[in-house]
Amino acid sequence: MTDYLMNAWYMGAWCNEVTEKPMSRRLLGVNTLFYRKTDGTVVALRDRCPHRFAPLSKGKVINDQIQCPYHGLVFDGTGQCVANPITSDTRIPEAVRVQRFPVVEQSNIVWFWPGDPAKCDTSPIPQFPYLSDNMTYKHVYGLTPVKAHFELETDNLMDLSHVDMVHPGFSGVFNKTSKYTAGRNGNTVFSNWVTTDAKNAPVMEQTSFPTNGAPIDQWLEMSWQPPGAMYLEVAVTRTGEPRSAGYSLKSVHILTPETEHDTHYFWSAAIYSHEHVPLDLFRAGFNNAFDFEDKPMIEAVAAEMGDEIDLLSMKPLLLRSDAGSVLARRVLKELIAKEKQEYYQYDRVG
Ligand code: FES
Ligand SMILES: [Fe+2]
């Protein structure tokens, strides 16, 4: 069974997915209801009425409050029950409430905190300021459902040595000069490749950085923050030219468990505003890579593992290029162990 890190920020949605209409999403095994109030703020509640467990998301938002579709109890944005239309007794006990999740909107992302609200701390929210820079960049956004434990998707992203085999559009760059480094800085893990004097990738050649066959140098720099937020910068330049003279492609990859066997893979990538690459074509390229190239491979791995979700417990062969993904798994494990220890200490004292 998965132990999730609970006191942490997970991505619940892209901002534009949350409107004044209720939206339900299963997150860490819990159906979660999102809606936007008239002042623009986002509400996240457990999508289960405490009375007979009807999904509140099937109800209506009226005056910033959600009405259960079964017997009509009304809950406000804090989860407190504020009305019962079928009784003349207007006293509603304080205890009649739905679990509320703290929410922060930042750079187009709705983050939610599934753990103890008293421990909610906004400082570890991963920062991706380029996502809200609409002057410099044009962005595309996606959400790919993957039938696999979210750490298998983390492995895929933290080990980009699969690119040559799995992504023909980006293939052909790795060569004998390719150097890999991985490391940890606090709870952030990086996983980087540098390749020199390489063949340009077909996608770069045909779109943002054509070199007409001239060789390139490439930097692949992926960083991970717990529990599952990654930022990738792919930089290319003509061989021998400074990196600043070339091109860079930025993307974020954020994983939130739906269940222990299913993952919400949120992704976004950006081209520069002045580029003439059609945005639809750019979006389709990413969509194709994640939905039709990575996803089938990761799902096949998950299917092969069956009910087991802890890859390392199955003693896989580890290569040097696995260092980043193994480090990310280790950091997450440490954080979960620390959280459990704190919980039990508190429990004993309390
Ligand atoms: S199930 Fe919601 S009011 Fe009865
Ligand atoms: Fe991939």
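The values are calculated or read from the model by the stated rules, or taken from the named source; none is laboratory data. In this text, all values refer to a predicted model and were calculated from it rather than measured experimentally. Please note: Cβ atoms are built from the backbone with ideal geometry, for glycine as well, and neighbour counts cover all protein chains shown. Calculation scope for accessible area: heavy atoms of the full protein, side chains included, ligands and nucleic acids excluded. Shrake-Rupley method; radii C 1.70, N 1.55, O 1.52, S 1.80 Å.
A 1.4 Å probe, protein heavy atoms only, puts the accessible area of residue 82 near 60 Å².
Rounded to the nearest 500, the helix-only mean residue ellipticity at 222 nm of the chain stands at -5500 deg cm²/dmol, with each DSSP H run of n ≥ 4 adding -39,500 (n - 2.57).
Computing FRET efficiency as 1/(1 + (r/R0)^6) for residue 297 and residue 37, where r is the C-beta to C-beta distance and R0 is 56 Å, gives about 0.85.
The figure for residue 100 is an accessible area of roughly 100 square angstrom, using a 1.4 Å probe on the protein chains alone. Using R0 = 22 Å, the C-beta based FRET efficiency linking residue 333 and residue 185 works out to 0.80. Here the convex hull built on the C-alpha positions of the range 95-151 has a volume of 157 cubic angstrom per residue.
What does the accessible area per residue of the range 132-336 come to in Å², with a 1.4 Å probe and no ligands, DNA or RNA counted? Don't jump to the answer; show the numbers that get you there.
Details: 9370 Å² over 205 residues.
Using a 1.4 Å probe on heavy atoms only, each residue of the range 132-336 averages 46 Å².
Using a cut-off of under 16 Å, list every residue of the range 1-26 whose amide N is near the label point 7 Å from the Cα of residue 279 along the Cα-to-beta-carbon line. Only 15-17 pass the distance filter.
Extending 7 Å from Cα along the Cβ direction at residue 104 and again at residue 304 yields two label points whose distance is 3.9 nm. The Cα-based radius of gyration and maximum Cα-Cα distance (Dmax) for the range 36-115 are 13.1, 45 Å. Per residue, the solvent-accessible area of the range 10-119 (1.4 Å probe, heavy atoms of protein chains only, all protein chains present) comes to 50 Å². Annotation: residue 238 carries an accessible surface of approximately 80 Å², with a 1.4 Å probe and no ligand, DNA or RNA atoms counted. Stokes-Einstein at 25 °C, 0.890 mPa s, Kirkwood radius from Cα pairs: D for the chain in µm² s⁻¹? The calculation lands on 111 µm²/s. Here the range 155-257 has 55 percent of its accessible surface on carbon and sulfur atoms, given a 1.4 Å probe and all protein chains in place.
Rg then Dmax, both in Å and based on the Cα atoms of the range 166-222: 13.0, 42. Within the listed set 65, 225, 206, the residue fluctuating most in the Gaussian network model of the chain (springs between alpha-carbon atoms under 10 angstrom) is 206. In the range 10-119, the portion of solvent-accessible area held by carbon and sulfur atoms comes to 49 percent [1.4 Å probe, whole percent, DNA, RNA and ligands not counted].
Comparing Cα centroids, the range 32-79 and the range 277-350 end up 32 angstrom apart.
If the chain linking residue 241 and residue 206 were pulled fully straight, counting 0.36 nm for each residue of separation and taking away their Cα-Cα distance, it would gain 10.6 nm.
Taking a temperature of 37 °C and a viscosity of 0.692 mPa s, what whole-number D in µm²/s does Stokes-Einstein yield for the range 206-350 with Rh from Kirkwood over alpha carbon pairs?
Reported coefficient: 176 µm²/s.
Under the convention that each Lys and Arg Cβ holds +1 and each Asp and Glu Cβ holds -1, the size of the dipole of the range 132-336 around its Cα centre is about 680 debye. Each Lys and Arg adds +1 at its Cβ and each Asp and Glu adds -1 at its Cβ; summed about the Cα centre, the chain shows a dipole of about 540 debye.
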